[in-house]
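So the structure is just underneath, and the comments pick up after that.
The values are calculated or read from the model by the stated rules, or taken from the named source; none is laboratory data. Everything numeric here is computed off the predicted structure, so don't read it as measured data. Cβ placement follows ideal geometry from the backbone for every residue including glycine, while neighbour counts extend to all protein chains displayed.
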Amino acid sequence: MQRADSRLLKANSKFSLMLFLMLCATQLMGQAVSVVNLRTELLVNPVGIDVTLPRLSWELKSSARGVEQTAYQVLVASTPEKLSGNEGDLWSSGRVSSDVSVHVRYQGTALKSNERAYWKVKVWTSRGESAWSSPANFSIGLLNYVDWKGRWIGVDKPFPWDSETQWSRLSARYLRKEFEAKKAVKRATAYIIGLGMYELYLNGEKVGDQVLAPAPTDYFKGVKYNAFDVTSMLKPGKNAIGTVLGNGRYYTMRQDYKPYKIKNFGHPKMLFNLLVEYADGSKDVVVSDDSWKLTGNGPIRSNNEYDGEEYDATKEMPGWNKTGFDDKDWQKASFVQEPGGTYEAQMNENMKVMATLKPVSIKKLKANTYIMDMGQNFAGWIRMRVKGAKGDTVKLRFGENLQASGELYVRNLRDARSTDTYIVKGGAQESWEPSFIYHGFRFVEITGFPGTPTLNDFDGRVVYDEIKTTGEFVTSNLTINQVYKNAWWGVLSNYKGMPVDCPQRNERQPWLGDRTTGSYGESFMFDNSRIYAKWLDDIHQSQKEDGSIPDVAPAFWRYYGDNVTWPATYITVAEMLYRQYGDLESVREHYDHMKKWMDYMAGKYTQDGLITKDKYGDWCVPPESKELIHSRDPKRQTDGVLLASATYIRLSFIMEEFARLLGKPEDAGDFSSRASAIKAAFNQKFFDASKGQYSNNTITANLLPLVYDIVPEGAKENVVRSIADKIMVENKGHIGTGVIGTQWLMRGLSRNGRSDIAYKLASNRDYPSWGYMVENGATTIWELWNGNTADPAMNSGNHVMLLGDLVIWYYENLGGIKSDPSAPGFKKIIMKPEVIEGLNSAKASYQSVHGMIRSDWKRSGKSFNWNITVPSNTKALVYIPAAAAGKVKEGKKSASSAEGVKFVGMEGDRAVFEVGSGDYSFSSGK
Ligand code: BGC
């Protein structure tokens with residue numbers, strides 16, 4: 001009996017030991033560190049990049065606290081098989097002791113044109129070692145001009161039915177070619193430069209899901225190519241390639257009109273290479289040449305970014321992009337001039353249909369005319385399903401608003417016709433959406449629809465660059481929530497391979513000044529790293545030999561007039577990429593050109609120690625009368641010399657930092673002394689110490705010196721008071737700044753202890769305010785504070801420049817998520833939400849390059865509850881409202897003794913802790 005018992009006991013303890021070990025293992029597994037989200041040049045498995053030493057990034061993932069990378073190993077192989085056998089024949093980094101997990105430079109064998117590489121990474125951390133990550137890959141594009149075989153083809157004249165007038169109409173050009181895949185195919189890569197825009201088909205299938213590609217550039221300076229792995233689309237034997245060329249910005253929307261201002265590049269054209277590698281190792285290339293056939297007599301009769309697309313379905317050519325099509329009526333493609341610039345891999349995302357919306361209503365306006373409401377202003381187009389008789393003609397006209405009569409309002413589109421026309425083929429139901437245009441709209445006027453149009457016949461197709469939404473933000477304040485939503489829609493509407501000012505009227509230009517600070521706020525909402533890096537290249541390409549930078553880049557419109565505030569964007573966007581993404585590459589690449597511009601401006605426009613050249617003033621301040629676009633009241637306007645000089649000082653500080661980062665101490669010293677010299681002249685000229693006011697005491701005149709660190713020691717408080725008085729007394733609690741002042745308004749107030757005023761401005765619903773836009777039915781952000789009453793000559797309903805620093809303030813000050821300037825890319829995070837009377841909660845999340853950051857706080861009475869997530873391989877400084885550290889808990893424990901939490905000290909009414917990665921639940925105040 002005893003023996004049996006002891007056996008039982010033994011078995012039991014064995015069992016419990018096993019159980020214990022299993023438990024430990026699952027716990028360890030739960031806490032294990034893995035490596036995810038591998039990116040090459042911040043892109044996921046890119047095809048055809050032209051950086052031969054690309055930078056690799058990854059994210060560590062773990063539910064454990066305090067995970068820090070201590071070392072990594074990267075393997076890069078020429079085949080997936082080698083990689084899975086752990087053979088890094090291109091590069092094996094070995095074990096590198098480092099905590100760096102973003103922008104790690106590939107240092108292996110020099111990569112050649114069209115070469116493909118596969119990579120993976122493993123890390124060692126404070127919490128153990130990861131397994132190898134899943135593999136990622138990238139391929140190199142055609143690096144040299146001579147790697148491109150074949151010639152540019154197209155046809156350099158209009159067809160008889162085209163019209164090259166101010167409202168230009170040019171039919172799309174269809175090109176086709178058949179070729180033979182002689183043997184079994186191992187790999188096939190298609191490279192295309194299709195200008196202005198292309199659609200590419202292989203055996204009748206569309207290649208890729210991009211639309212409106214490639215990204216626009218100044219085609220005289222550089223053109224972008226796209227590359228696709230099309231291996232699986234090729235068939236043994238005969239294959240057919242089809243391309244359609246649209247105009248985009250190449251053959252511009254306005255021909256024969258203001259040629260001194262509007263750049264026109266020519267007729268659509270393309271260069272195409274299909275590189276085929278057969279299983280036996282031999283190679284083939286299919287190129288664009290005069291064996292291709294071409295027609296302009298297809299269904300796309302006209303495509304014009306401002307005026308719309310006209311599609312005649314009766315002219316469809318079934319099977320034109322497949323083998324066996326009879327193209328005897330087509331002409332031979334002509335050899336045409338090359339565009340002139342360099343060939344560059346497109347390293348920013350193409351546009352795509354990113355969402356599909358259902359309309360909310362369709363109302364009959366009069367016989368044959370209906371008005372459809374999409375419920376949301378956005379950029380894109382309508383997909384339509386229609387069944388009718390051959391030749392029925394449906395017209396869709398687009399606008400942002402309705403007139404009081406219920407008719408479409410189009411006066412603010414200026415001369416953009418924004419109309420799509422569809423001619424019905426007849427027979428079964430037809431489904432159509434345009435190929436080479438987009439509109440900015442909420443409402444659609446439908447005429448000529450056979451039968452009665454219903455909601456089911458239409459879809460709204462939301463089109464913008466294929467970039468992820470990275471942030472979420474919601475608070476207890478409904479106005480703030482709606483403005484945030486409007487901002488999100490506004491920003492995405494204006495991403496068009498470059499940031500444009502607006503998507504609807506006859507403009508749609510990449511104005512620099514609209515994004516000087518906006519780009520930073522946007523970076524919380526969207527992963528805009530690639531589109532802005534590309535835009536810096538555009539800006540560089542637009543720079544003149546002497547250093548001058550235009551206000552619009554690519555310079556589709558010629559606006560070289562020199563000022564400081566618009567071109568400043570060249571420098572501030574590079575700063576944003578560094579701070580938000582930890583990416584110094586753009587700074588490195590553009591530093592010399594930025595410096596050249598800084599020197600040029602100072603050399604040309606310095607007078608009495610100040611920089612004198614300005615053009616736009618504090619653009620779009622709230623005017624004295626609600627019909628005006630620009631104020632004529634000198635009391636509302638800020639001196640241009642003040643704007644230019646203050647901005648120049650700020651830029652000098654940024655350049656000083658760039659110079660330091662790049663190891664150029666002499667330059668740094670030079671920029672620092674420039675700033676000091678201008679500062680002295682600035683204060684002498686503009687500052688009235690007795691009143692604590694600058695210049696004519698506008699909010700902007702006082703704000704810029706305050707935030708740019710120009711105000712003399714001891715005088716700050718008075719300047720803050722001047723701003724506060726102006727807003728609270730003279731403006732009765734309302735905003736009084738334009739595009740320049742608004743870029744610093746919210747942060748400026750918060751930094752100087754006036755978050756209460758900032759919150760008031762953010763919550764207002766009467767004129768002028770962001771909430772006023774919401775109150776008046778806006779679903780995006782307006783160009784003007786008085787967008788519902790002002791002259792339509794310059795009055796877009798979807799402009800983002802008036803956001804200023806609002807979105808930054810939402811995330812950094814309300815959400816409490818900010819990258820520590822000393823450790824960019826959120827390697828170190830400052831989590832310090834404002835506690836403002838009236839705001840009871842905020843919930844923000846942000847997918848940083850290091851991983852997901854979360855901040856979710858609630859306040860009631862004296863208690864403050866805060867859940868946060870700090871990504872692996874980062875740290876955060878958290879600022880918790882509390883009278884003393886002892887009043888703060890993490891979970892059920894005193895915060896100071898919680899795992900991963902270290903008390904740093906008190907700062908005013910905040911207890912400051914340093915925390916490692918992980919999820920935490922803080923509470924204080926009870
Ligand atoms: C644009 C603005 C731009 C401004 C500068 C306007 O027409 O829409 O966004 O910055 O001009 O002059």
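Annotations
- Phe272 vs. criteria buried (at least 16 other Cβ atoms within 10 Å of the Cβ), in a loop (DSSP other than H, G, I, E, B), hydrophobic (A, V, I, L, M, F, W, C) and touching a residue at least 24 places away in the same chain (Cβ under 8 Å): no
- Count of region 731-744 residues, restricted to those that are in contact with a Phe, Trp or Tyr (Cβ under 8 Å, 6 or more places away or on another chain) and crowded, with 22+ Cβ neighbours inside 10 Å, is 4.
- Considering region 282-310, and only residues there that are over 23 Å from Ala240 (Cα atoms) and over 29 Å from the mean Cα position of the chain (by Cα), the residue that is surrounded by the most Cβ atoms within 10 Å (Cβ to Cβ) turns out to be Ser302.
- Scanning region 790-834 for residues that are assigned to a loop (DSSP other than H, G, I, E, B), without any contact (Cβ under 8 Å) to a residue 60 or more places away in the chain and either acidic (Asp, Glu) or surrounded by fewer than 20 Cβ atoms within 10 Å (Cβ to Cβ) (or both) gives Asp820, Ser822, Ala823.
- Considering Ile362, Ile423, Ile371, the condition of being closer than 22 Å to Thr314 by Cβ and surrounded by 16 or more Cβ atoms within 10 Å (Cβ to Cβ) is satisfied by Ile423 alone.
- For region 155-173, the count of residues that are under 20 Å from Val285 (Cα atoms), basic (Lys, Arg) and more than 32 Å from the chain's Cα centre (by Cα) is zero.
- Screening Ala659 against (1) of a type in the set (Gly, Ala, Ser); (2) under 18 Å from Ile723 (Cβ atoms); (3) in a helix (DSSP H, G or I) leaves a single unmet condition, (2).
Here is a yes/no grid of residues against (1) charged (D, E, K, R); (2) in contact with a Pro (Cβ under 9 Å, 6 or more places away or on another chain); (3) not in a strand (DSSP E or B):
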position	(1), (2), (3)
Ala844	no, yes, no
Ser855	no, yes, no
Asn865	no, no, no
Lys889	yes, no, no
Val904	no, no, no
Phe922	no, no, no
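- When Met728, Met773 are checked against the criterion of being out of contact with any strand residue (DSSP E or B) (no Cβ under 9 Å at 6 or more places or on another chain) and buried (at least 21 other Cβ atoms within 10 Å of the Cβ), Met773 stands alone in meeting it.
- Those residues of region 119-165 which are closer than 16 Å to Ser101 by Cα, among the hydroxyl-bearing types (Ser, Thr, Tyr) and in contact with a Gly (Cβ under 9 Å, 6 or more places away or on another chain), in sequence order: Ser126
- The residues of region 209-224 that are surrounded by fewer than 24 Cβ atoms within 10 Å (Cβ to Cβ) and out of contact with any Lys or Arg (no Cβ under 9 Å at 6 or more places or on another chain), listed by number, are Lys221, Gly222.
- Annotation note: Cβ proximity below 7 Å between a residue of region 213-241 that is under 19 Å from Ile193 (Cα atoms) and a residue that is assigned to a loop (DSSP other than H, G, I, E, B) and among the charged types (D, E, K, R) (sequence gap 6+ or interchain) occurs for Pro216/Arg249; Ala240/Lys322.
- Some residue of region 567-587 being in a loop (DSSP other than H, G, I, E, B), within 15 Å of the ligand (Cβ to nearest atom) and over 30 Å from Tyr767 (Cβ atoms): yes
- Residues within region 517-541 that are within 15 Å of the ligand (Cβ to nearest atom) and over 15 Å from the mean Cα position of the chain (by Cα), tallied: 1
Table: residues versus (1) more than 30 Å from Ser848 (Cβ to Cβ); (2) assigned to a helix (DSSP H, G or I); (3) modelled with pLDDT of 95 or more.
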{"position": "His590", "(1), (2), (3)": "no, yes, yes"}
{"position": "Ala602", "(1), (2), (3)": "yes, yes, yes"}
{"position": "Lys615", "(1), (2), (3)": "yes, no, yes"}
{"position": "Pro622", "(1), (2), (3)": "yes, no, yes"}
{"position": "Ile629", "(1), (2), (3)": "yes, no, yes"}
{"position": "Arg636", "(1), (2), (3)": "yes, no, yes"}
{"position": "Gly663", "(1), (2), (3)": "no, no, yes"}
{"position": "Glu666", "(1), (2), (3)": "yes, yes, yes"}
{"position": "Ser673", "(1), (2), (3)": "yes, yes, yes"}
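- Scanning region 203-224 for residues that are hydroxyl-bearing (Ser, Thr, Tyr) and under 20 Å from the mean Cα position of the chain (by Cα) yields a single hit, Thr217.
- Residue pairs meeting the criteria (Cβ under 6 Å; at least 6 apart or on separate chains; first closer than 18 Å to Tyr560 by Cβ and without any contact (Cβ under 8 Å) to a residue 60 or more places away in the chain, in region 589-617; second among the small types (Gly, Ala, Ser) and within 16 Å of the ligand (Cβ to nearest atom)): Lys613/Ala644; Asp614/Gly640; Asp614/Ala644
- For region 789-812, a residue qualifies if it is more than 26 Å from Ser841 (Cα to Cα), in contact with a Gly (Cβ under 8 Å, 6 or more places away or on another chain) and away from the ligand (no atom under 16 Å from the Cβ), but none of them does.
- Asp514 being within 15 Å of the ligand (Cβ to nearest atom), not small (Gly, Ala, Ser) and not in a loop (DSSP other than H, G, I, E, B): yes
- Scanning region 493-509 for residues that are more than 10 Å from the ligand (Cβ to nearest atom) and either part of a strand (DSSP E or B) or touching a helix residue (DSSP H, G or I) at 6+ places or on another chain (Cβ under 8 Å) (or both) returns Tyr495, Gly497, Met498, Pro499, Pro503, Gln504, Asn506.
- Matching residues in region 433-473 - criterion: being assigned to a helix (DSSP H, G or I) and in contact with a Phe, Trp or Tyr (Cβ under 9 Å, 6 or more places away or on another chain): Asp457
- Taking each residue of region 504-528 that is on the phi < 0 side of the Ramachandran plot and polar (S, T, N, Q) and looking for partners that are modelled with pLDDT of 95 or more and within 11 Å of the ligand (Cβ to nearest atom) with beta-carbon atoms closer than 6 Å, six or more apart or interchain, yields Asn506/Arg414; Gln509/Asp501; Gln509/Val552; Gln509/Trp557; Thr516/Thr569.
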